[in-house]
1. If you roll a 1.4 Å probe over the chain with all protein chains in place, what percent of the accessible area is carbon or sulfur?
2. Among 42, 64, 20, whose Cα sits farthest toward the positive end of the charge dipole of the stretch 17-75 (+1 at Cβ of Lys/Arg, -1 at Cβ of Asp/Glu, about the Cα centre)?
3. Give me the net charge for the shell around residue 30: Cβ to Cβ below 14 angstrom, other residues only, Lys and Arg +1, Asp and Glu -1.
4. Assigning unit charges at the beta carbon (Lys, Arg +1; Asp, Glu -1) and nothing else, what dipole magnitude in debye, to the nearest 20, does the chain show about its Cα centre?
5. For 15, 21, 93, write out the residues from largest to smallest accessible area, computed with a 1.4 angstrom probe and no ligands counted.
6. By how many nm would the segment from residue 37 to residue 63 lengthen if fully extended, with 0.36 nm per residue of separation less the alpha-carbon distance?
7. Choose one answer from 86, 96, 58: the residue with the largest mean-square fluctuation in a GNM of the chain with alpha-carbon springs under 10 Å.
8. Quick one: Karplus J couplings for the stretch 83-91, per residue in order, coefficients 6.51, -1.76, 1.60, θ = phi - 60°, nearest Hz, x for Gly and Pro?
Amino acid sequence: GELFAQAPVDQFPGTAVESVTDSSRYFVIRIEDGNGRRAFIGIGFVDRGDAFDFNVALQDHFKWVKQQCEFAKQAQNPDQGPKLDLGFKEGQTIKLNIANMKKKEG
């Protein structure tokens, strides 16, 4: 019932999970215990699709984490972003073509 070791994945790609250079189905995981000892274990997937899904899940998770950090920064400093100016500039005009409209004289 005690924790034997853990593999904290703080960033990807990183040192906690690395793919093997000569195969897309195998990964090396760095595990740590609470006393500072580290070990490297290998994991392999029988199906390439499962290995691909594992890799994509890690990438998607860290993409989501990065997005959440950016959203939090924008929420704290809403005035930092670029302003969207939708007004007409000096001398700018637009032309509207509306079909089936009868012309009125005067």
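The values are calculated or read from the model by the stated rules, or taken from the named source; none is laboratory data. All figures in this text were calculated on a predicted structure; none of them were measured in a lab. Cβ atoms come from the backbone with ideal geometry, glycine included; neighbour counts cover every protein chain shown. For accessibility, only protein heavy atoms count, side chains too; no ligands or nucleic acids. Shrake-Rupley method; radii C 1.70, N 1.55, O 1.52, S 1.80 Å.
1. It is 53 percent, rounded to a whole number.
2. 64
3. Result for the neighbourhood of residue 30: -2.
4. Around 880 debye, computed over the chain.
5. Result of the area sort, largest leading: 21, 93, 15.
6. 6.4 nm
7. With Cα springs under 10 Å in the chain, the top fluctuation among 86, 96, 58 is at 96.
8. 7, 9, 9, 9, x, 6, 7, 4, x
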